[in-house]
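Each remark here refers to the structure printed beneath this line.
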Amino acid sequence: MTVKELVYTKGDQVVTDSITLAAAFEKRHDKVLRDIRNIRCSEKFGLTNFGESKYQNKQGRTMPMFILTYEGFSMVAMGYTGEKAIEFKERFINDFKGTRSNMESRDKMVGSDNVSHLIESYENQITIRSAQQRYIQSIVQNQIHSLFPEVKDAARRKYYSKLYQDLKVKFSIQSYRDIRLKDYESAKVFIHSWKPLKLNDSL
């Protein structure tokens, strides 16, 4: 399979993605996603080098994908062997180096203000990972049960809905899964301090 563009720029970083990796190494995308999720790395390394993202497949469904830095790519690709794999590893490495060199030359020309803008743009596209999404769900549940320990399930569901809706409005997102990584800590504070305007158990 021919893959024309192996890496690209996103903000101030040179990256690739799990779809490109799957195509280049002739693997199913779900297999590459599994390989990435099974990597036993530190949380800091994972958050820095594997950014969860989304894309639309041919059927128009929103599907998961990962954005990978050079370091993230290296961690995944080290497990891929064979003559074809070696060929694409070399191509990826050369493309990463070449694109980085071009970016460094460009950054010297555009100045620090524009670089800051590029960094901000990149940060706005990286959303929280699966483990962080589950943690958001857990603290939402804890907050609702803490505020309303004795209300009926029907009423509690409406409070859940209200909290998630307020979270979406607060951070301008479509779902709690879309919380930007840079807003993760703020989102946790928001949930811990959230209270509805009216504490009416009969909702």
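The values are calculated or read from the model by the stated rules, or taken from the named source; none is laboratory data. Please read these numbers as outputs of a predicted model, since none were measured by experiment. Every residue, glycine as well, gets a Cβ built from its backbone with ideal geometry; the counts of neighbours run over all protein chains shown.
The selection criterion, being crowded, with 17+ Cβ neighbours inside 10 Å and at pLDDT 80 or above, holds for Ile191.
If we keep just the residues of the stretch 73-97 that are among the small types (Gly, Ala, Ser) and in contact (Cβ under 8 Å) with a residue 40 or more places away in the chain, which is farthest from Asp178 (Cα to Cα)? Filtering first and then ranking leaves Ala85.
The set of residues from the stretch 31-46 being among the hydrophobic types (A, V, I, L, M, F, W, C) and under 12 Å from Ser130 (Cβ atoms) comprises Leu33, Ile36. Scoring Arg156 on the criteria (1) loosely packed, with under 15 Cβ neighbours inside 10 Å; (2) of a type in the set (D, E, K, R); (3) under 16 Å from Gln141 (Cβ atoms) leaves a single failure, condition (1).
The rows are residues; the columns are (1) assigned to a helix (DSSP H, G or I); (2) modelled with pLDDT under 90; (3) closer than 20 Å to Lys84 by Cα; (4) touching a His at 6+ places or on another chain (Cβ under 9 Å).
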{"site": "Val3", "(1), (2), (3), (4)": "no, yes, yes, no"}
{"site": "Thr9", "(1), (2), (3), (4)": "no, yes, no, no"}
{"site": "Val32", "(1), (2), (3), (4)": "yes, no, yes, no"}
{"site": "Asp35", "(1), (2), (3), (4)": "yes, no, yes, no"}
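Could you list all residues from the stretch 37-50 that are outside any strand (DSSP E or B) and within 20 Å of Arg180 (Cβ to Cβ)? Give the steps one after another, and end with the answer.
The initial filter retains those residues of the stretch 37-50 that are outside any strand (DSSP E or B), namely 37-49.
Correct list: Glu43, Lys44, Phe45, Gly46, Leu47, Thr48, Asn49.
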